[in-house]
Amino acid sequence: MADLAAGAGRDGLQPRFPRFSAHFRWGTATSAYQIEGAVTEGGRGRSVWDTFAATPGKTARGETGEIACDHYRRYHEDIALMADLGVSDYRFSLAWPRIQPVGAGPANPAGLDFYDRLVDALLNAGITPVATLYHWDTPQAVEDAGGWMSRDTAHRFADYATLAAEALSDRIRWWITLNEPVIVTLLGYGLGTHAPGRNLMLGALPTAHHQLLGHGLATQALRAAGAEHVGIANNHMPVWADSQHSEDVAAAAAFADLYNWLFADPLLTGAYPDLRWLDRGLPEQAAVDLPTIAQPLDFYGLNYYSPARIRAAAPGSELPFELVEITGYPRTASKWPVVPAGLRETLVGLTERYRDALPPILITENGCSTADPATAEGTIDDQDRIDFLHAHVAALCGAMDEGVDVRGYFIWSLLDNFEWAEGYGQRFGLVHVDFETQRRTPKASYHWLRRQLAGTA
Ligand code: FCB
């Protein structure tokens, strides 16, 4: 299907997209805490990210999402930007603490009202809403009761899913339960570099199981409340062994089990990968929950940014692997290696591993941070983002040519926003945001993408 030969190449000519089916979904992605601001408006409760960001030393320059992009008040402007860009879809997240301020009890009408208005405005603009239920902003009260270390949180999450879908599934047809549970487990509870900032190392593994159980229960709840398309957004990294020595190969396999397959196998095969190398593992009753976790999915969301290179750890280390820096590739502003072939490798790898059990794939996130040089004319020349997106769309076409069923591609992100522990220091947007004035300025990549989308349908 891909006709890249006609499109690639720079030298004065900007790269162009190949032709895609008119049904292919093109979107931008954001999340609530990263853009909304207005953290005390409309009865919103406190989330773990409010607490974490307010704790000295946790985020760069002590920055928080208190104001962020002020999207809560400026959503009309942001929707107009998307309509002009020409995307068919918008992936955003609902803030659990807006809908259930303490993570239990009835829905907060003012919180739901914001999403009502947002969804109506999207539909009026001809844009399909794709809602994520959980993009990391656990209500603080739920965390205080144990957070994802507690099995009860899975049930709380399913109750919240019911409230959200009962109110919104008449207009939101596409639902994502969790965003990147692996990051919540590893960074939120394992290393403590993300909220809630726990440092449990391998003791964090129950949070993987409880999130997956929450996903299964929420999937059932969403369907019961009328949701049409239900999926999850998992982050995957192709894992490269640093050498062919058996120790490095085994270490890479162990890392892949932890990072990729722990969060995908239970969903798609109903079983956990072999995690015998872990001394503290999953909760004892994990096996009983597997049928609930393995609910049929309508799509599988993939967030792809970069691969991991792994070697065996020194004897006596707590973990059997070590990350090795990937050299020989360009890097984004956040220093992540730019490896478009890794997207193809991931897509083909998922298809080979799961075969008929794999539903159609949506790329629910892909993008990069750039330094965004401003020109004398006031435009923002993010050529690196154009090259990044073009190369990744080409890799995606390559995978589709190999038979991978990809139905959509969502760019992270519409706007520069609060990049978690990095604060406002990393800019992932197609649209530049001046955080002093809240002025939005579409970057060169936005104008380029607009031309591609006009030409691809
Ligand atoms: C992903 C997150 C998203 C954003 C991008 C850069 O891991 O899902 O919120 O921070 O990384």
Flag if ILE361 is buried (at least 16 other Cβ atoms within 10 Å of the Cβ) and touching a Leu at 6+ places or on another chain (Cβ under 8 Å): yes
Search result, residues across region 208-229 that are crowded, with 24+ Cβ neighbours inside 10 Å and within 19 Å of the chain's Cα centre (by Cα): ALA208, HIS209, HIS210, GLN211, LEU212, LEU213, GLY214, HIS215, ALA218, THR219
Extreme residue, farthest from TYR424 (Cα to Cα), among residues of region 338-395 that are among the acidic types (Asp, Glu) and free of Cβ contacts under 8 Å to residues at least 24 places away in the same chain: ASP356
Matching entry among THR379, THR441, THR375 (being polar (S, T, N, Q), loosely packed, with under 15 Cβ neighbours inside 10 Å and away from the ligand (no atom under 16 Å from the Cβ)): THR375
Residues of region 291-319 that turn out to be under 27 Å from the mean Cα position of the chain (by Cα) and either within 29 Å of LEU343 (Cβ to Cβ) or within 16 Å of the ligand (Cβ to nearest atom) (or both), as a count: 20
Some residue of region 213-229 being touching a Ser or Thr at 6+ places or on another chain (Cβ under 7 Å) and under 30 Å from ALA313 (Cα atoms): no
Test: residue in region 48-55 that is touching a Pro at 6+ places or on another chain (Cβ under 9 Å), among the polar types (S, T, N, Q), surrounded by fewer than 21 Cβ atoms within 10 Å (Cβ to Cβ) and modelled with pLDDT of 95 or more: yes
Those residues of region 51-80 which are away from the ligand (no atom under 16 Å from the Cβ), not hydroxyl-bearing (Ser, Thr, Tyr) and not in a loop (DSSP other than H, G, I, E, B), in sequence order: ARG61, GLY62, ARG73, ARG74, HIS76, GLU77, ASP78, ILE79, ALA80
Selection within region 448-457 - buried (at least 16 other Cβ atoms within 10 Å of the Cβ) and over 17 Å from ARG25 (Cβ atoms): TRP448
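The values are calculated or read from the model by the stated rules, or taken from the named source; none is laboratory data. All figures in this text were calculated on a predicted structure; none of them were measured in a lab. Here the Cβ is made from the backbone with ideal geometry for all residues, glycine too, and neighbour counts use every protein chain on show.
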